[in-house]
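The values are calculated or read from the model by the stated rules, or taken from the named source; none is laboratory data. In this text the structure is predicted, and so the values were computed from the model without any measurement. With ideal geometry, Cβ positions are generated from the backbone for all residues, glycine too; neighbour counts draw on all protein chains shown.
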């Protein structure tokens, strides 16, 4: 918990990057994924939340974890806002590197490495597959990040 009132914006990550080294054909889910990563890297919470449908679901990671002990995900704008305030805002900087991207139907699966600057000079790297699903208007209805918390924790280093 951040200890901030629900109406106060949580501290934002800042100065992150998105490096796209993957196929970049125009596709609604791919564009939504790119906008999502850009908003997170820039620390723009409200812009990020506005990319999601009102009943959207985020599973990051998919399944039970310290971020979601019951493995039910974070649903709707209130749940997504709480996820940002309790998890995303704890990261000082996000650097996304997308090495491959597969878009078809309403979905886009991205192969990513995300370096997260934590407190002090600590960095944790997450290798993952992130699947975005969008509705007919281009809003994200589902973000499912497949990664293994134990593998991510094993990368924790001080720079």
Take residue 71 and decide whether it is surrounded by fewer than 20 Cβ atoms within 10 Å (Cβ to Cβ), on the phi > 0 side of the Ramachandran plot and not in a strand (DSSP E or B).
yes
Matching residues in the stretch 50-66 - criterion: being in contact (Cβ under 8 Å) with a residue 24 or more places away in the chain and closer than 22 Å to residue 113 by Cα:
51, 57, 58, 59, 60, 61, 62, 65, 66
Do any residues in the stretch 98-123 that are at positive phi have Cβ atoms under 8 Å from those of residues that are surrounded by 17 or more Cβ atoms within 10 Å (Cβ to Cβ) and at pLDDT 95 or above, where the two are at least six apart or on different chains, and which pairs are they?
none
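Going by the conditions given, is residue 124 touching a helix residue (DSSP H, G or I) at 6+ places or on another chain (Cβ under 9 Å), assigned to a strand (DSSP E or B) and surrounded by fewer than 19 Cβ atoms within 10 Å (Cβ to Cβ)?
For residue 124, the condition - touching a helix residue (DSSP H, G or I) at 6+ places or on another chain (Cβ under 9 Å), assigned to a strand (DSSP E or B) and surrounded by fewer than 19 Cβ atoms within 10 Å (Cβ to Cβ) - is met.
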Extreme residue, surrounded by the fewest Cβ atoms within 10 Å (Cβ to Cβ), among residues of the stretch 43-59 that are in a helix (DSSP H, G or I) and within 12 Å of the chain's Cα centre (by Cα):
49
Anything in the stretch 100-119 that is part of a loop (DSSP other than H, G, I, E, B) and either under 24 Å from residue 65 (Cα atoms) or under 16 Å from the mean Cα position of the chain (by Cα) (or both)? List them, or say none.
118, 119
Any hit, the stretch 89-99, residues being surrounded by 17 or more Cβ atoms within 10 Å (Cβ to Cβ) and assigned to a loop (DSSP other than H, G, I, E, B)
yes
